[in-house]
Amino acid sequence: MKCLLIASESAEVLFYWTDPEFRQNVQDQYGASQEEGQRPPAFEDSLNTLFAPIIISCSTMVDRLGDSYACFTTENQHNYVLHQFDECLYIAVNGDGQECEDDLRRKIYVMKKMIEVLFGMVNLSSNLLRKELRPQDTEQRTGLWKHLQGLLETYSRLRENDQSFLVEAVERLIHPTLCEQCIEFLERRLLPALNSSSERNGEEVLHSFILVHTKLLAFYSSRNTSTLSPSDLLALIVMTQSMYPSNTDQEDPGPEDVESVSVSGLEMFYTPQPSPTNRSSSGSERTAREDTPMFEFVDPDIQIAEDSLITLEVSPPDPLAPTRVFLEVSLKDGLYPMMPHSMYCRPLWPGITLVLLTKIPNSSVAMSVYSYLEAFAKLEKRLSEGQEGPAAARGQPTVHDLRSKLDKFIKALGPCDIQVPYSDIQVPYSDIQVPYSDIQTSQLQNVWSEFKKRAFTRGGPGFTRELIPWCKSMKTQLCGVYKQCFLNGTTRGADAPQRLSPALQELAQAMVQEKLMDWKDFLLVKSKRNITMVSYLEDFPGLVHFICVDRSSGQMIAPSLNITERSTSELGGGPLAQFIRGKVWGLVRTARQYLQKGYSTVTLRDGDFYFCYFLWFENETGYKLDEVDLPVLPDDSPPIGVLARDYYRKLLRYYSKTHAGEVVKCYELLTVHLGVIPTEYILQHCRQLASKLWEPSRNPLL
């Protein structure tokens, strides 16, 4: 009984996801009220009827009280969590008791993150975002919602089964020799071959990495390229897993399976089995089947509705078409969120994927748009706070500097492709080409002319609160320019005018396959047995499990804990393994609750086990820094983690204020010991384990 809904203030459904139980419950509730012979309402209409009172109630409370409720529980024990992002209301529901309030809030924020990655700065304009989330074309809307639903289901599956998504940190495959060879291969062979080719059509490969299921085998970024944030990397792994799901329930390939996997694995994995047809039936069987009425029990109207849904099935996307993603870019002159990139996923073998991230030719336009959006947002904030006149015009950049740059920017946007010099905007890219429509350019020009008339013309109102609506209009028009440049016609499967050619993508795939041909079966096994507890038991007797996370780099180390129907961990596949796994998931949830309250150390005994959690800071030389009082967060704050909102980045900034000039690193350690081990030994184990895990000699790539 699970559901996630995004709705506008007018109760229009912008997106929904439900599990089969919730869907059946809604259909039973609203389908039973129909008179006999009437067609049941569309499911989206039923959802609208169900949630409309809640949405209207929230809007009324915001209008009259300036606040709204964040969560509530109904009489039938259904938990509702709500959060408003601008004019979009997110509602997450659970009715089976499997998700707590924090889980639902986390799901909302992760969905928001995925929408930011897919739509970029269009998220800053509620009006434009509504149109993107709910396209008028029914087939396009069906395809988009299925894509978003797939991302949410993939994230939920990974968080339920994968330790790296439990703690929201990337796990590397621990094989230093092979990892170094792959990184060197990406640096010296793959990227030079791609970026020197004439078939790249103006794109430049910035980042490349190889995934084995969800684990990182190798990652390489071009020189002078911004690092990829842990939050963005986790989001990209979710997208990759959604496109090419890993079948981790399969047994490790044995000697007799290796040949069949290598020969026919790709075809078997990516080609679904065809539905049975009458062509393979004998004549008597065909006659018998044709004489037998099918679906006699189905109401004709219901069958018509199902048939209409079949016609809305979207054709599978072109696997060679890139996915437009918007990622954070950190440069010397500042941080630029939601910058456009193209993402190429090439399956090497089932479970092993090559991912390429490219810079598109006109990406510096996005940096300019963000600079202007930020300037207008700051001006709007100062005016809203009552700062008028010269006080409102101050800032970096000043409004007068902004005026001259924006004049040049708008002048450069023409109805046809033109060269746009951006040397005066201080972005690290050369001249670019910007295709825009006459309508979008004229709308931006008209709003900017009206803004200047009111702000700068003698006799005009000047910098007063009257400018606030025009600040909002300028932000909307700038987002429209951004949308026109980076989102129109760039959905997956659409004809992208600029992209790596299919031949170049196939070359990259073939090069990496040749490099890893002798390793692929080892890698699939290694991904399930990355680190074993056996290697730690001699030094740490009584240690059952641990997770260590370097929050500065967004990476984690933990013994494998994969428990599926056909594969087991070192603890076996019985009740004990499931019990320990449940305890680990519960420990992470408990640690986050205490961390939210400002505690950096948690120790507790639970039956036969003893749990510990530590968060601490070190400098670049590995010296442990003094503890500080951590900030206490309100109950309705974003969930602690990386995907929802990068809590640890904010925590590092908070701590670095008292250590100016020092490189500060943050670490977390969670351990599970047998309860019979004395407490003093457990604490000693934790200290030794923390220092041992990140030793360069033990794990050089981390």
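For residue 47, indicate whether it is outside any helix (DSSP H, G or I) and under 21 Å from residue 129 (Cα atoms).
no
For segment 659-668, enumerate the residues that are more than 13 Å from residue 552 (Cα to Cα) and open to solvent by less than 30 Å² (accessible area, probe 1.4 Å).
none
With the condition kept exactly as written, say whether any residue in segment 91-106 is β-branched (Val, Ile, Thr) and closer than 29 Å to residue 477 by Cβ.
Within segment 91-106, not a single residue is β-branched (Val, Ile, Thr) and closer than 29 Å to residue 477 by Cβ.
Answer yes or no: is there a residue in segment 4-21 that is of a type outside the set (Asp, Glu), at pLDDT 90 or above, open to solvent by 60 Å² or more (accessible area, probe 1.4 Å) and out of contact with any His (no Cβ under 8 Å at 6 or more places or on another chain).
Taking every residue of segment 4-21 in turn, at least one turns out to be of a type outside the set (Asp, Glu), at pLDDT 90 or above, open to solvent by 60 Å² or more (accessible area, probe 1.4 Å) and out of contact with any His (no Cβ under 8 Å at 6 or more places or on another chain).
So which pairs qualify, if the first residue must be in segment 206-220 and over 18 Å from residue 529 (Cα atoms), the second must be crowded, with 24+ Cβ neighbours inside 10 Å and aromatic (Phe, Trp, Tyr), the Cβ gap must be under 8 Å, and the two must be at least 6 apart or on different chains?
If the second residue must be crowded, with 24+ Cβ neighbours inside 10 Å and aromatic (Phe, Trp, Tyr), the pairs left are 219/209; 220/209.
Out of all the residues in segment 63-98, which are closer than 23 Å to residue 157 by Cβ, crowded, with 20+ Cβ neighbours inside 10 Å, in contact (Cβ under 8 Å) with a residue 40 or more places away in the chain and out of contact with any Phe, Trp or Tyr (no Cβ under 7 Å at 6 or more places or on another chain)?
Across segment 63-98, the qualifying residues are 90, 92, 94.
Table: residues versus (1) at pLDDT 80 or above; (2) open to solvent by 60 Å² or more (accessible area, probe 1.4 Å).
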{"residue": "565", "(1), (2)": "no, yes"}
{"residue": "569", "(1), (2)": "no, no"}
{"residue": "574", "(1), (2)": "no, no"}
{"residue": "589", "(1), (2)": "yes, yes"}
{"residue": "592", "(1), (2)": "yes, no"}
{"residue": "595", "(1), (2)": "yes, no"}
{"residue": "602", "(1), (2)": "yes, no"}
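Of everything in segment 637-658, what is exposed (fewer than 15 other Cβ atoms within 10 Å of the Cβ) and aromatic (Phe, Trp, Tyr)? Give them in sequence order.
654
Six or more apart or on different chains, Cβ atoms under 8 Å: show the pairs whose first residue is in segment 351-365 and under 11 Å from residue 203 (Cα atoms) and whose second is acidic (Asp, Glu) and part of a loop (DSSP other than H, G, I, E, B).
Listed pairs, sorted by first residue: 358/203; 359/203; 360/203; 361/203.
Which residue, of 461, 497, 502, is closer than 30 Å to residue 334 by Cβ and either surrounded by fewer than 17 Cβ atoms within 10 Å (Cβ to Cβ) or at pLDDT 90 or above (or both)?
Sole residue among the options that is closer than 30 Å to residue 334 by Cβ and either surrounded by fewer than 17 Cβ atoms within 10 Å (Cβ to Cβ) or at pLDDT 90 or above (or both): 497.
Out of 139, 199, report the one residue that is under 18 Å from residue 345 (Cα atoms) and open to solvent by 10 Å² or more (accessible area, probe 1.4 Å). Can you show your working first?
Details: 139 fails: under 18 Å from residue 345 (Cα atoms).
So the residue among 139, 199 that is under 18 Å from residue 345 (Cα atoms) and open to solvent by 10 Å² or more (accessible area, probe 1.4 Å) is 199.
Which of the residues that make up segment 118-129 are of a type outside the set (Ser, Thr, Tyr) and either buried (at least 19 other Cβ atoms within 10 Å of the Cβ) or over 20 Å from residue 84 (Cβ atoms) (or both)?
Across segment 118-129, the qualifying residues are 118, 119, 120, 121, 122, 123, 124, 128, 129.
Hey, among the residues in segment 397-417 that are more than 12 Å from residue 448 (Cα to Cα) and open to solvent by less than 20 Å² (accessible area, probe 1.4 Å), which one's modelled with the highest pLDDT?
412
Kindly indicate whether residue 649 is under 17 Å from residue 103 (Cβ atoms) and among the charged types (D, E, K, R).
no
Identify, from the list 57, 46, the residue that is open to solvent by less than 30 Å² (accessible area, probe 1.4 Å) and among the hydroxyl-bearing types (Ser, Thr, Tyr).
It is 46.
What number of residues within segment 325-362 are modelled with pLDDT under 90 and surrounded by 22 or more Cβ atoms within 10 Å (Cβ to Cβ)?
Looking only at that region, the number is 1.
Keeping to segment 175-205, report how many residues are touching a residue at least 60 places away in the same chain (Cβ under 8 Å) and of a type in the set (Lys, Arg).
Residues meeting the conditions: 2.
List every residue pair whose Cβ atoms lie under 9 Å apart, where the two residues are 6 or more positions apart in sequence or sit on different chains, the first residue falls within segment 528-543 and is modelled with pLDDT of 85 or more, and the second residue, located anywhere, is of a type in the set (S, T, N, Q) and open to solvent by 50 Å² or more (accessible area, probe 1.4 Å).
Qualifying pairs under 9 Å: 528/248; 539/688; 540/688.
Does any residue in segment 431-454 that is part of a loop (DSSP other than H, G, I, E, B) come within less than 7 Å, Cβ to Cβ, of a residue that is modelled with pLDDT under 55 and surrounded by 19 or more Cβ atoms within 10 Å (Cβ to Cβ) six or more places away or on a different chain, and which pairs are these?
431/420; 434/420
The values are calculated or read from the model by the stated rules, or taken from the named source; none is laboratory data. Here the structure is a predicted model, which is why all the values come from computation and not from measurement. Please note: Cβ atoms are built from the backbone with ideal geometry, for glycine as well, and neighbour counts cover all protein chains shown. Accessible surface is based on the protein model in full, side chains and every heavy atom, while ligands, DNA and RNA are left aside. Shrake-Rupley method; radii C 1.70, N 1.55, O 1.52, S 1.80 Å.
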